[in-house]
Amino acid sequence: MEETYLLNYPGVKKKILAGGNGPMPHFPPGTKLVFHFQTLLDNFERTVIDDSRKAKAPMEIFVGKMFKMEVWETLLTSMRIGEVAEFWCDAVHTGLYPIVSKGMRLIAQGKDPLEGQRHTCGMGNMFHYNTTGWPELDELMRTPQALIFIMELIQVTSYPFSYKRESWIMDKDEKMKEVPSLHLQGNALVRQGRFREAAKKYQEAVVLLRIVLSKEMPGDEDYIAVDRLITPLVLNYCQCMLELEEYYEVLEHTSDLIHKHKDCVKAYYKRAKAHAAVWNEKEAKRDFNMVANLDITLAPLVHKELRFLADRLKEKYWEEKEKYWNC
């Protein structure tokens, strides 16, 4: 295998492990690159840090769309389709890898990669939190070092912008235009009783808004306006979770809303319903009573819910008593 420095790109070495197919592709801006990768430490054991195959899905980036690991675009655009290559990259190119890896791992877990970030840049978040949640990434943050990337270029789609645009490549205006469409799609799916699909639409919209929010200054008019759009979407998502009997999911998200908005009646109501469903009698009564305190017109509804909860608790008591005596 011949080792070579990539032309005009210091601090990078390349080894071709398996030749690709056909001529070198063209990579105009917007071209989608689909690839698998492994990330290894440059040590004797060549310790594997990340492996996209374990996530059971290849990685995708788009040429010219400012992916945080800028060097990856350079590496991939030096490859043919089907080629497997090993790249050694100096620490100057790998400083942001812990943040990128954390985001990819959260996405693989179905989580929002921006969840928990403050309004600051990626490096600022890194220094503020001092931890990514993964010890091996924390070590890379403390000690930036050279890394080895083994990449296999699977697909090159050379039709710029013919794909469904991913959230991270949209600009602010595109994100804000997409949100009402996702909201309406979610509502339509709810009317059809397709709550799981509807929840995904609301979730997509919330992620878009949180990305926009992360780039606004807290307290500014734009920040407040975007933040207000998130609340009804989260409430709709929680209603879907109630229908799907995902009660602890409802408890988590409504509690977050209530922490930010102490007078959010709908959040208290949905949290009360979730508490009641999992037999948290004290918490359910507290939240139902808070609903009536915040909006007196809902007192009859609260009274009905409390009566229904009492009936259910009574049924549960006798069922458990009968089960105990029949043992």
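Please list, or write none, the aspartates and glutamates whose alpha carbon is within less than 17 Å of the alpha carbon of residue 270, excluding same-chain residues fewer than 8 places away.
Leaving aside aspartates and glutamates fewer than 8 places away in the same chain, those within reach of residue 270 are 243, 245, 246, 249, 252, 256, 281, 283, 287, 295, 305.
By how many nm would the segment from residue 256 to residue 215 grow when fully extended, if each residue of separation counts as 0.36 nm and the alpha-carbon distance is taken off?
Extra length from residue 256 to residue 215 when fully extended: 12.7 nm.
Mind putting a number on the dipole of segment 9-72 about its Cα centre? Charges go on the C-beta only, +1 for Lys and Arg and -1 for Asp and Glu, and I need it in Debye to the nearest 20.
In debye, rounded to 20, segment 9-72 gives about 120.
Please give the peptides 23-31, 175-183, 272-280 ranked by average Cβ packing (other Cβ atoms within 10 Å per residue), highest first, as a rough proxy for protection.
272-280, 175-183, 23-31
In nm, what is the difference between 0.36 nm times the number of residues separating residue 74 and residue 310 and their Cα-Cα distance?
Taking 0.36 nm per residue and subtracting the Cα distance, the gain is 78.5 nm.
Test of understanding: what is the full-extension gain from residue 134 to residue 245, defined as 0.36 nm times their sequence separation minus their Cα-Cα distance?
36.8 nm
With the crude spin-label approximation of a point 7 Å out along Cα→Cβ, what separation in nm comes out for residue 90 versus residue 279?
6.4
Which FRET efficiency, nearest 0.05, do residue 181 and residue 318 yield, Cβ-Cβ r, R0 51 Å?
0.55
How do the peptides 248-260, 226-238 rank, highest first, by the average count of neighbouring beta carbon atoms within 10 Å per residue?
Result, highest mean Cβ count within 10 Å first: 226-238, 248-260.
Pop a pseudo-label 7 angstrom from the Cα along the beta-carbon direction at both residue 42 and residue 188 and give the gap in nm to one decimal.
For the pair residue 42/residue 188, the computed spacing is 5.2 nm.
Would you mind computing, in nm to one decimal, how far apart the modelled labels at residue 299 and residue 57 are, each placed 7 Å from Cα along Cα→Cβ?
It works out to 5.0 nm between the two label points.
For the pairs 260/304; 102/266; 14/56; 54/201; 54/177, flag any whose C-alpha to C-alpha distance is greater than 31 Å.
From 260/304; 102/266; 14/56; 54/201; 54/177, over 31 Å: 102/266; 54/177.
Based on the mean of other beta carbon atoms within 10 Å per residue, what is the order of 287-293, 191-197, most packed first?
Order by mean packing, descending: 287-293, 191-197.
Laboratory data are not the source of any read-out in this text; all were calculated from the coordinates shown. The structure displayed is predicted, hence computed values, not measured ones. Every residue, glycine as well, gets a Cβ built from its backbone with ideal geometry; the counts of neighbours run over all protein chains shown.
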